[in-house]
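Since every read-out is calculated from the coordinates, none of them should be taken as a lab result. No experiment lies behind these values; they were computed from the predicted model shown. Here the Cβ positions follow ideal geometry from the backbone for every residue, glycine too, while neighbour counts run over all protein chains shown.
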Amino acid sequence: MYNKHIKPILDILFAIVFSIGLFPLFLIIAIILKFSQHGSILYKQERVGQNGEIFLIYKFRSMSVDAPILFGPERFALILKKWTIFIQSVK
């Protein structure tokens, strides 16, 4: 009885209360992100949920827009090449 009727209502009620209570913090984070980085404030990503259902999740951006370029495979290859040259010069 509790799980079927009361729990969904409490879940929604708590979600609303916490969303309203945390809104000022979310607003401050959004303002800081907007003025400290170029690009959008939110990051949109596809996730796979229950039964393989795909849904979108929105998160505050924690990395710069060009992070894949700075930290991706190209950057790794460049670092590896520099280390290889260094090791060969030491021998």
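Projected label points at Y58 and F35, each 7 Å from Cα along the beta carbon direction, are separated by 2.2 nanometres. Modelled spin-label separation between F23 and I9, with each label point placed 7 Å from Cα along the Cα-to-Cβ direction: 2.4 nm.
Between amide H atoms placed 1.01 Å from N, distances below 5 Å from Y43 occur with K59, F60, R61, all of them 5 or more places distant or on a separate chain. From most to least packed by mean Cβ count within 10 Å, the peptides 14-26, 31-43 give 31-43, 14-26.
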